[in-house]
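All remarks here apply to the structure that follows.
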Amino acid sequence: MQRIVIVGAGHAGVQAAASLRDQGFSGAIELVSAENALPYHRPPLSKRFAEGLTDAAIALRPAAFYSAQDISLRRATVVEEIDASEQRLTLSTVEQLAYDQLILATGSRNRRLEVPGEELSGIVSIRNLGDAYRLATSVVIGTRAFVVGAGYLGLEVAAALAKRGVKVTVAASRPLPLGRSVSPDTASVLATALRDMGIETIVGAGISGFEGNGRRISGVRFADCSLYETDLVVIGIGAVPNVELAQHAGVEVDDGVLVDAALATSAAGISAIGDCVRVRGIARLESVANATFQARCIAARLCGRPAPAAETPWFWSDIGDLKLKMVGLRQPDDVVRTLTADGGHVALCFRNGELAAVETINANRIHVAARRILDAGVQLGVDAVCAPDFDMVALAKSLAARPIEASRAA
């Protein structure tokens, strides 16, 4: 291999480039980014948009990193077409870029509500740095904000707005926040916290459109024809994987670019990683942890190195002062036991009598311990974990497992 091209410079793409060098790849690395900004951390966009984010403050790597590692970073460059048979890309600069191996890290985009008035000024859907800047300029004490969606992004934005003195209302499709993602026990804790923040929640209200005063948002029209007056709308109703580039090249897609366990697509010489990917037979995962892990895996494979040890999927979200962290993939039928530990809320999810997932709020030591235990494959039953003298942190420390660094919000 003389040249590896990576399309997309988010967490997955940048980590893939860095890991290729770490694994000893000495050929050319071309990292193609559609954005002009230095590649940056995306989690702060919904959590800290009002804190004066700068390119340098949230950069994934300093600018000097790319030159020091001999990584060609092409900014403000869109890949318009993949010619898989010729192993060549057509760029928005009209340049043709050949590759020996291609890594797609095209990420995802925010799902649209698709109702009249969505083009009005004052309606924001956070996906990039420009979106965060636009939202930050709208944050004024006394502003009325309407957040569509009670998922991670919606709740993070709602909490950040409330902290800035904005009157916030959240439109939720389910009775409890994050109802699809966390256990009812954890969701109930979050619901109470939102009320304590002064955030109002409306459940099950269908939105038929947005009303404007001129070109500016002035209200949300509900399906029953009632109108909710607001100065700002944030839409956070999930994401859609960016698969069009791969699909047009003949690569197989289905709720993501389909890959096998080695992250190879249906096209020779093309792999895919990150939020745009779905591993065959597994639901698509959207998380920084998954993106960076897959990036390390693909770098190891392309360099002929052993794959890194498997990790249990884990996630985090900062909702105001709440540090929500999850490890393992909870299923609706899991048996949940809750307790207070490490000063915070802990929900233990058991499947077939064994610990399968752990949710924590402001209990980071328990989260880190649970990751180590689940990564090591230790089987723990309900009775053992819920015993009064059980110490998850002590058990984790006793395991001869690789160190796991406590997660830090970007």
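The values are calculated or read from the model by the stated rules, or taken from the named source; none is laboratory data. Keep in mind that what you see is a predicted model, and the values were worked out from it rather than measured. As a convention, Cβ positions derive from the backbone with ideal geometry for all residues, glycine included, and neighbour counts pool all protein chains shown.
Some observations on this one:
- Contact map, the range 378-394: first residue assigned by TED's automatic domain parsing to the domain that holds Leu355, second residue aromatic (Phe, Trp, Tyr) and not in a helix (DSSP H, G or I), Cβ cut-off under 9 Å, separation 6 or more or different chains; pairs are Leu380/Phe350; Leu380/Phe390; Gly381/Phe350; Val382/Phe350; Ala384/Phe390; Val385/Phe350.
- Test for Asp231: is it within 30 Å of Ala341 (Cβ to Cβ), more than 23 Å from the chain's Cα centre (by Cα) and not assigned by TED's automatic domain parsing to the domain that holds Ala356: no
- When Ala291, Ala307 are screened for being farther than 30 Å from Pro388 by Cα and not assigned by TED's automatic domain parsing to the domain that holds Ser26, only Ala307 passes.
- Single residue of the range 338-354 satisfying the filter (surrounded by fewer than 16 Cβ atoms within 10 Å (Cβ to Cβ) and among the charged types (D, E, K, R)) that is nearest to Leu395 (Cα to Cα): Glu354
- Glu244 satisfies every condition listed in (1) at pLDDT 95 or above; (2) in the same structural domain as Gly151 (by TED's automatic domain parsing); (3) surrounded by fewer than 14 Cβ atoms within 10 Å (Cβ to Cβ) except (2).
- Test: Thr54 is modelled with pLDDT of 95 or more, under 25 Å from the mean Cα position of the chain (by Cα) and part of a loop (DSSP other than H, G, I, E, B): no
- Among the residues making up the range 264-289, those that are surrounded by fewer than 22 Cβ atoms within 10 Å (Cβ to Cβ) and over 19 Å from Arg111 (Cβ atoms) are Ala264, Ser266, Ala267, Ala268, Gly269, Val279, Arg280, Gly281, Ile282, Ala289.
- Among the residues listed as Arg88, Arg127, Arg134, the single one being surrounded by fewer than 21 Cβ atoms within 10 Å (Cβ to Cβ), basic (Lys, Arg) and closer than 18 Å to Asn242 by Cα: Arg127
- Hits in the range 316-345 - residues which are in contact (Cβ under 8 Å) with a residue 60 or more places away in the chain and not charged (D, E, K, R): Trp316, Ser317, Ile319, Gly320, Leu322, Leu324, Met326, Val336, Thr338, His345
- Only residues that are hydrophobic (A, V, I, L, M, F, W, C), out of contact with any Pro (no Cβ under 9 Å at 6 or more places or on another chain) and either crowded, with 18+ Cβ neighbours inside 10 Å or not in a loop (DSSP other than H, G, I, E, B) (or both) were counted in the range 247-263, giving 5.
- Segments classed as helices (runs of 4 or more DSSP H), wholly inside the range 113-201, with at least 3 members that are under 18 Å from Lys323 (Cβ atoms): 152-163, 184-196
- Among the residues making up the range 355-384, those that are crowded, with 16+ Cβ neighbours inside 10 Å and in a helix (DSSP H, G or I) are Asn364, Arg365, Ile366, His367, Val368, Ala369, Ala370, Arg371, Arg372, Ile373, Leu374, Asp375.
- Within the range 38-57, the presence of a residue that is more than 30 Å from Ala160 (Cβ to Cβ) and either in contact with a strand residue (DSSP E or B) (Cβ under 8 Å, 6 or more places away or on another chain) or not assigned by TED's automatic domain parsing to the domain that holds Arg134 (or both) is excluded.
A quick yes/no check of all residues on (1) in contact (Cβ under 8 Å) with a residue 40 or more places away in the chain; (2) among the small types (Gly, Ala, Ser):
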{"residue": "Val78", "(1), (2)": "yes, no"}
{"residue": "Ser92", "(1), (2)": "no, yes"}
{"residue": "Arg109", "(1), (2)": "yes, no"}
{"residue": "Arg112", "(1), (2)": "yes, no"}
{"residue": "Gly117", "(1), (2)": "yes, yes"}
{"residue": "Gly122", "(1), (2)": "yes, yes"}
{"residue": "Ile141", "(1), (2)": "no, no"}
{"residue": "Val147", "(1), (2)": "yes, no"}
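- Number of residues in the range 191-228 that are within 15 Å of Ser121 (Cβ to Cβ) and of a type in the set (D, E, K, R) equals 3.
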